[in-house]
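The values are calculated or read from the model by the stated rules, or taken from the named source; none is laboratory data. What you see is a predicted model, and the numbers here were worked out from it, not measured in a lab. Ideal geometry is used to build each Cβ from the backbone, glycine not excepted, and the neighbour counts take in all protein chains shown.
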Amino acid sequence: MSVDLRRWFRGLGWSFLWVLLFWTFLVIGLPTEAAKGWLAERLGHDFGAKVSVEQLDIGWNLGITLKGVSLTSQASAMRLEWLKVQPRLSSLIWVKPEMDFSGGTPSGGHLSGSYHSGELSLSFKDISFKDFSTATLPVPSSATMSGSGRLKFVTGNGTIDTEVDGVPGGKQRLRMSGGEGRGLDGKLKIAVSLPKL
């Protein structure tokens, strides 16, 4: 065996060892309390809101599970019972953030979607207004919503064009703020189910 081939195998072995140790640290030794605080602070800064997370777990596949998530801003509030974020294998190899996510609300609603190249696509079903409230859309807390949308992160102020169906007065189009500094820009379609009297 030539000297160059031995060096190559030695380098490959050391690289594998470092990746294995890093992965072990993330799964077993990461101080989750500090990571949870950092993540809540970072999300709060990015979304211009107060964010809290009760529990953070990291899986063997580097997926993150957050439990007891709440996000509160001046215009809206949202509660999630759980949120799972799974990075795509290609993003781990090429170090580009790509991920799939899913979550559930305390009232039984569900959301899912993905993030790729600065674009967020999502869908949601049976989200109760007990778990999500906004001043832009005043509806009873017993109402639920379902829908989907595509949003892109932009530098500067974002605007979300929203089409809402199922509210008194018929289909409505709203322009909601997508945040300032680093905002969201895109479109949402929402169907509201009002409670039957």
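Working carefully through the options Thr72, Thr136, find the one that is in contact with a strand residue (DSSP E or B) (Cβ under 8 Å, 6 or more places away or on another chain) and touching a residue at least 60 places away in the same chain (Cβ under 8 Å).
So the residue among Thr72, Thr136 that is in contact with a strand residue (DSSP E or B) (Cβ under 8 Å, 6 or more places away or on another chain) and touching a residue at least 60 places away in the same chain (Cβ under 8 Å) is Thr136.
If I go through region 79-112 residue by residue, how many of them are touching a residue at least 40 places away in the same chain (Cβ under 8 Å) and among the hydrophobic types (A, V, I, L, M, F, W, C)?
The number of residues fulfilling the criteria is 1.
Could you tell me whether region 64-85 includes any residue that is within 24 Å of Ser15 (Cα to Cα) and not aliphatic (A, V, I, L, M)?
No, the conditions are met nowhere in region 64-85.
Select from region 64-90 the residues that are buried (at least 16 other Cβ atoms within 10 Å of the Cβ) and not in a strand (DSSP E or B) and list them in ascending order.
Listed by number, the residues that qualify are Ser73, Arg88.
Scan region 117-136 for residues that are at pLDDT below 90 and under 16 Å from Gly183 (Cα atoms) and jot them down.
Ser117, Gly118, Glu119, Leu120
Given the conditions (1) free of Cβ contacts under 8 Å to residues at least 60 places away in the same chain; (2) surrounded by 12 or more Cβ atoms within 10 Å (Cβ to Cβ); (3) not in a loop (DSSP other than H, G, I, E, B), and given that Arg42 satisfies all but one, which numbered condition is not satisfied?
(2)
Looking at region 142-173 only, could you name the residues that are part of a strand (DSSP E or B) and either farther than 11 Å from Lys189 by Cα or not assigned by TED's automatic domain parsing to the domain that holds Pro106 (or both)?
Correct list: Thr144, Leu151, Lys152, Phe153, Val154, Thr155, Gly156, Thr159.
Does Leu188 fit the bill of being assigned by TED's automatic domain parsing to the domain that holds Leu71, free of Cβ contacts under 8 Å to residues at least 60 places away in the same chain, hydrophobic (A, V, I, L, M, F, W, C) and surrounded by fewer than 19 Cβ atoms within 10 Å (Cβ to Cβ)?
Numbers: assigned by TED's automatic domain parsing to the domain that holds Leu71: yes; free of Cβ contacts under 8 Å to residues at least 60 places away in the same chain: yes; hydrophobic (A, V, I, L, M, F, W, C): yes; surrounded by fewer than 19 Cβ atoms within 10 Å (Cβ to Cβ): no.
In short, no.
Which residue out of Lys84, Lys36, Lys67 is basic (Lys, Arg), touching a Leu at 6+ places or on another chain (Cβ under 7 Å) and in the same structural domain as Val139 (by TED's automatic domain parsing)?
Lys36
So for region 47-63 (the condition being modelled with pLDDT under 75 and either surrounded by 11 or more Cβ atoms within 10 Å (Cβ to Cβ) or not basic (Lys, Arg) (or both)), does at least one residue qualify?
yes
Among Phe101, Phe153, which is of a type outside the set (S, T, N, Q) and modelled with pLDDT of 85 or more? Full working, then the answer.
Details: Phe153 fails: modelled with pLDDT of 85 or more.
Answer to the selection: Phe101.
When region 138-161 is examined, which residues are found to be among the small types (Gly, Ala, Ser) and buried (at least 16 other Cβ atoms within 10 Å of the Cβ)?
Result: Ala143, Ser146, Gly147, Ser148, Gly149, Gly158.
Inside region 114-141, can you point out the residues that are closer than 17 Å to Arg79 by Cα, of a type in the set (D, E, K, R) and in a strand (DSSP E or B)?
Those that are closer than 17 Å to Arg79 by Cα, of a type in the set (D, E, K, R) and in a strand (DSSP E or B): Lys125, Asp126.
Taking the options Trp23, Trp8, name whichever one is at pLDDT 80 or above and surrounded by fewer than 16 Cβ atoms within 10 Å (Cβ to Cβ). Steps first, please.
Numbers: Trp23 fails: at pLDDT 80 or above.
Among Trp23, Trp8, only Trp8 is at pLDDT 80 or above and surrounded by fewer than 16 Cβ atoms within 10 Å (Cβ to Cβ).
Name the residues in region 91-137 that are touching a helix residue (DSSP H, G or I) at 6+ places or on another chain (Cβ under 9 Å) and loosely packed, with under 14 Cβ neighbours inside 10 Å, would you? Before the answer, list the steps.
Going through region 91-137, the residues touching a helix residue (DSSP H, G or I) at 6+ places or on another chain (Cβ under 9 Å) turn out to be 96-99, 116.
Within region 91-137, Lys96, Pro97 meet the criteria.
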